[in-house]
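Values quoted throughout were computed directly from the atomic coordinates according to the rules given, and no laboratory measurement underlies them. Given the structure is predicted, the values throughout are model-derived calculations rather than measurements. Backbone-built Cβ (ideal geometry, glycine too); neighbour counts: all protein chains shown.
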Amino acid sequence: MLDITGASKTFLQGTVNEHVALNRLDLHLDAGEFVTIVGSNGAGKSTLFNAIGGTFYLDSGRISLESRDITYLTEHKRAAFIGRIFQDPVKGTAPDMTIEENLSLAYNRRKLFGLNMGVQKKDVVFFREQLSQFGMGLEDRMKHKVGLLSGGQRQALTLLMATIAGPRLLLLDEHTAALDPAAAEKVMAITRDIVSREKLTTMMITHNIRSALRTGTRTIMLEDGKVILDISGKEREEMTVSRLMELYSHKANKTLDNDRMLLTKDENGQ
Amino acid sequence: MATFYYPCPRLQSAERDVSSFKLAERDVSSFKLAGRVFFLLLFLFTKRKRRERGFEMTLMVGSLQLGLIYGLLALGIYITFRILGIPDLTADGSFTLGMSVSAAMTVLQTADGTVLSLPGLGIFLAFLAGMAAGAVTGCLQTKLGIHPILSGILTMSGLYTVNLLILGSRSNVSLINGVGLFDSLNLMLGGDVDKNLIRTVIPVLFCVAAFLILSWFFRTHLGLCIRATGNNEDMVTASSINVDAMKITAIAIANGCVALSGAVLAQYQGYADLSSGTGTVVVGLASVIIGEVFFGKRSVVIGFASAITGAVIYRFLIALALKIDGFPAYALKLVSAVIVIIALSIPTVQAKLRFARQKREAKQHA
């Protein structure tokens, strides 16, 4: 489904700040997989997403999605079949436009240059039905500007916008990290619901190792721009947070260094 | 699922986003109040003068006619400045471009030396020429990555030569030898219609048509894409929309409106002048801002109505200002610039005043 071979990306090449973000990374995803990605700061998690999403092009290597080579496809063209959600809830929606306008834009993404009305009545009925499943009361605020919503509501809306047009791949980049705990849990529940209902192939970056092991079907760990751990099935079910940390120190030859992760670990008492 | 709290700067930025939104709402209301007081004072200042000389009806009607013509310009500026969020300086050039095309098509010289007048076609071509100019600016800033302001200045500079070429190397072309739009409509209606009525009706028709078409267009899918581009480019890209194409389209439409305004003005005043485009952007901005004083910032459709109204009020203000003794006509551009500066600086000044008050209060409690 998704095939990444020999992906390399170096930032600020030839300067003292040179940073190898992706180092001949190989990754294969089967259709319907839900992969969670963990790794320390600067391991290349977001770089990997940006490369798949098309924010920048790889220095070398290839990316193909459903046997189609997308290595040099522009970002907005990839967006037709890759849904993306960022950490910042502000990034995914247009604040001065209404909920129905935002959803219409995302829903009609393949109708470019259409002079049909932007908001179709029959679509709004569908949007309301979809929004009502969130239980946030958004379905009764269709004509409200999105800028008036809370971070959690905006992120839930972004999630619907990213998945409403039936993407082939969904990329979630710590999309609950900027939310308060209750909203984060709510958005995470909605995510699981949508992904399992639509059978979406999904990749999710998370700082929360526990959540990484519990959510989805497969977990990979990145370090220095490479996949150093790739577990799924029974091995993954039996994995614990402390065991994963141990494995990391063993493989990367240092302790896991992620400011957020350590906090997670402390609160967990593990 | 267990969730954990950890310090996150993003959350604060989201909160700030919400509070700045409220701030903007409050700013608008005090901004509106300040604006209304300003206009009231201006009105009172000129009251005595008006009583002395008698209320000049013709001047007011003239202001309305001019205001509606400049309303088309305000619509164009509203699209770039408010919807797209890019101040577009192409307008100075495309306004004159519209004038030139419209004038040149009205006094066309045929091979045997007679004059051929095609004002209607001229106005249509002026609109297309304006769109082309806008598309050039759009391409400069998107495809070639030139700074938006500089792109506008470059196109505007280049247009000077183009305009001179269209006007046949003359800086001023009179339409006296041709039959302009206003005269030809009069002829069509039998030739004995009140001239002033026609001079009002044509600008009204243009404004109403432009308002209706733009209001429809910005509710279509393409229109939504353009509005979203001005609002959040990331979201537009993520929705598989080509941001560059949206910007070029929007700037083209905006400059089409600006050129249309110039084209109708050339017909109205009976000549095209190469230097009349100077300061067009400021006049347009002032109109948009004055409109917002009365209408506030709401939906796009209300925005269009407010831009046209703003342009009319701006013309009334100028008519009033000209009645103040010792106020020369050449001071208008300076006054326009000052209006724009005051309006655009209000949010910053208010924030500073608030901060000063906060500091003062903190000192008292200490």
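Set the Förster radius R0 to 35 Å, insert the Cβ-Cβ distance between A:Gln120 and A:Met1 as r into 1/(1 + (r/R0)^6), and round the FRET efficiency to 0.05.
Efficiency for this residue pair is about 0.65.
Between B:Thr58 and A:Tyr57, what FRET efficiency comes out of the Förster formula 1/(1 + (r/R0)^6) with R0 = 45 Å and r the beta carbon distance, rounded to 0.05?
0.10
Connecting C-alpha atoms closer than 10 Å in a GNM of chain A, tell me which of A:Thr71, A:Thr15, A:Thr201 has the biggest fluctuation.
Comparing A:Thr71, A:Thr15, A:Thr201 in the GNM, the peak value goes to A:Thr15.
Counting Lys and Arg as +1 and Asp and Glu as -1, each charge on the Cβ, what is the dipole of chain B about the Cα centre in debye, to the nearest 20?
Charge dipole of chain B: 1660 debye, to the nearest 20.
Among the listed pairs B:Lys195/B:Lys333; A:Lys77/A:Lys226; A:Lys9/A:Lys45, give every one whose C-alpha distance is greater than 24 Å.
Long pairs (Cα-Cα over 24 Å): B:Lys195/B:Lys333; A:Lys77/A:Lys226.
Just how far, in whole angstrom, is segment B:296-316 from segment B:202-229 if you go by their alpha carbon centroids?
Between the Cα centre of segment B:202-229 and that of segment B:296-316, the gap is 14 Å.
Could you work out the per residue convex hull volume over the alpha carbons of chain B, in cubic angstrom? Write out the running numbers ahead of the final one.
Details: hull volume 69.3 nm³, N = 366.
Looking at chain B, the number lands at 189 Å³ per residue.
If you build a Gaussian network model of chain B, linking Cα atoms that sit under 10 Å apart, which residue out of B:Val340, B:Val300, B:Val115 swings the most?
B:Val115
Roughly how compact is segment A:27-66, stated as its Cα Rg over 2.2 N^0.38 Å to two decimals?
Its radius of gyration relative to the 2.2 N^0.38 Å reference: 1.26.
Given H placed on each backbone N at 1.01 Å, which residues far from A:Phe34 in sequence or on other chains put an amide H within less than 5 Å of it?
Amide H neighbours of A:Phe34, under 5 Å, 5+ apart: A:Thr202, A:Thr217, A:Arg218.
Would you mind getting me the FRET efficiency between A:Asp30 and B:Leu150? Use the beta-carbon distance for r and R0 = 51 Å, nearest 0.05.
0.55
In a GNM of chain A with a 10 Å cut-off on Cα contacts, which of A:Leu179, A:Leu148, A:Leu170 has the highest mean-square fluctuation?
Its mean-square fluctuation being the largest, the pick is A:Leu148.
Output needed: percent of Cα pairs per 10 Å distance bin for the protein assembly as shown, bins running from 0 to the one holding the longest distance.
3, 14, 21, 20, 16, 12, 8, 4, 1, 0
How far, in nm, would the chain grow between B:Leu40 and B:Thr200 when pulled straight, counting 0.36 nm per residue and subtracting the alpha carbon separation?
Result: 55.0 nm gained on full extension.
Can you give the Kirkwood hydrodynamic radius for chain A, in Å, rounded to one decimal and based on Cα pairs?
Hydrodynamic radius (Kirkwood, Cα only) of chain A equals 19.6 Å.
So if I place +1 on the C-beta of Lys and Arg and -1 on the C-beta of Asp and Glu, and nothing else carries charge, what would the dipole magnitude of the protein assembly as shown be about its Cα centre? I want it in debye, nearest 20.
On the way: 66 positive and 53 negative charges, 358 e Å.
Using Cβ point charges on Lys, Arg, Asp and Glu, the protein assembly as shown gives about 1720 debye.
What is the Cα coordinate range of segment A:132-177 on the first, second and third principal axes, sorted by size from largest, in whole angstrom?
Here the Cα extents, ordered largest to smallest, are 29, 24, 18 Å.
Treat every Asp and Glu Cβ in segment B:186-275 as -1 and every Lys and Arg Cβ as +1, leave all other atoms uncharged, and give the resulting dipole magnitude about the Cα centre to the nearest 20 debye. Spell out each step's value before the answer.
Numbers: 5 positive and 6 negative charges, 29 e Å.
Computed about the Cα centre, the dipole is about 140 debye.
Kindly provide the helix-only [θ] at 222 nm of the protein assembly as shown, computed as the sum of -39,500 (n - 2.57) over DSSP H runs of four or more divided by all residues, to the nearest 500 deg cm²/dmol?
Computed mean residue ellipticity for the protein assembly as shown: -19000 deg cm²/dmol.
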